[in-house]
Amino acid sequence: MSDDQIPADSKLTNSKRRWADEGKFLTGRTSRPETDRLPPGQHLVKNWPVLDLGEQPVVSTDTWRLQVGGLVETPLDLGWTAFQALEQTTRVSDIHCVTTWSRYDNKWKGVATRDLLDLAMPKAEATHVMLTSYDGYTTNLPLADFAAEDAILATSWEDLPLSREHGGPMRLIVPHLYLWKSAKWLRRIDIMPADAAGFWERNGYSMYGDPWREQRYADD
Ligand SMILES: Nc1nc2c(c(=O)[nH]1)N[C@H]1C(S)=C(S)[C@@H](COP(=O)(O)O)O[C@H]1N2
Ligand SMILES: [Mo]
């Protein structure tokens, strides 16, 4: 799906493009995760805000598929039952949104990204990943970050099925990068030989997005 099929002119989308242009929320401070749990320029929330492009697709587990393709030895095309039959993992992590909120201690259950990669087996030339979702959203990150120990394809949050507004039935969570890398309603994972920009990355946001180095925008 291309960018012009998603509501890229929504109010939030336009505001976030402008923040990228203006460098909004950059404090110029740095902090290290070992000593300071809250990344620079972030504030803590107890609720869990909903952020997306405005379309929250209805994805029934009857028709849900997850495909893994590109530079892999074994391309995958899994239905819900097959996905549930994979080893299930629990992780607790903090999340950090580029719009400056962070939320501590989220309990996720699902499939560890590294367990899925063990099945698909990325080829030696693989370096990056492109994620594509049911709403047309795309985002990119290095393969090593996608495969991080705490990265999880989450189907449950706080022991409840992941709600539709937060990306249910399944979303990615990569806690050590800003939350826009954590695709909701994930449909396809493409393993690539080079980096390429996803939706926000083409709209002024960082190719990598490390909250600890405050890599919010393209030039940071
Ligand atoms: N499919 C999809 N995933 C997405 C988005 C989106 O618009 N579509 N928005 C991203 C952004 S910008 C953020 S901050 C988080 C928000 O997740 P939440 O709504 O569960 O807090 O989802 C990310 N994943
Ligand atoms: Mo975001």
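Each residue in TYR134, TYR205 was given a count of other beta-carbon atoms within 10 angstrom of its own, and listing them fewest first yields TYR134, TYR205.
Please state the relative contact order of the chain as a whole percent: Cα pairs under 8 Å, 6+ residues apart?
Numbers: 465 pairs, mean separation 52.8, N = 220.
After rounding, I find 24 percent.
Amide H to amide H distances under 5 Å link SER156 with LYS109, LEU162, where only residues 5 or more positions off or on other chains count and H is placed in the peptide plane. Rounded to the nearest 500, the 222 nm mean residue ellipticity of the chain from helices alone is -3500 deg cm²/dmol, with -39,500 (n - 2.57) taken per DSSP H run of at least 4 residues.
Per residue, how much space in cubic angstrom lies within the convex hull of the C-alpha atoms of the chain?
On the way: hull volume 26.0 nm³, N = 220.
With only Cα atoms used, the chain gives 118 Å³ per residue.
Which translational diffusion coefficient, to the nearest whole µm²/s, is obtained for segment 25-122 from the Stokes-Einstein equation, given a Kirkwood hydrodynamic radius over C-alpha pairs, 20 °C and 1.002 mPa s? D, rounded to a whole number, is 128 µm²/s. Counting beta carbons within 10 Å around each of ASP219, ASP135, ASP115 and listing the fewest first gives the order ASP219, ASP115, ASP135.
For the pair ASP77 and VAL92, how long in nm is the line joining their label points, each one 7 Å along Cα→Cβ? Calculated label separation equals 4.1 nm. Report, in whole Å, the centroid distance computed from the Cα atoms of segment 48-95 and segment 185-214. Value for the Cα centre distance between the two parts: 17 Å. Strictly over 21 Å apart at the Cα level, which of LYS109/LYS181; LYS16/LYS184; LYS11/LYS107; LYS11/LYS109; LYS46/LYS107 would you flag in this model? Too far apart for the 21 Å limit: LYS11/LYS107; LYS11/LYS109.
Using the crude model of +1 on Lys and Arg Cβ and -1 on Asp and Glu Cβ, and no other charge, please compute the dipole size for segment 132-212 relative to its Cα centre, in debye to 20. Show your work: numbers first, answer last.
Details: 7 positive and 11 negative charges, 71 e Å.
Here segment 132-212 has a charge dipole of around 340 debye.
Given R₀ = 35 Å, FRET efficiency for MET121-TRP212 by Cβ-Cβ distance, to 0.05? Result of the calculation: an efficiency of 0.70.
Read the figures in this text as sums done on the coordinates, not as results from a lab. A quick note: this is a predicted structure, and the numbers were derived from the prediction, not measured. FYI the Cβ positions are ideal-geometry reconstructions off the backbone, even for glycines, and counts take in every protein chain you see.
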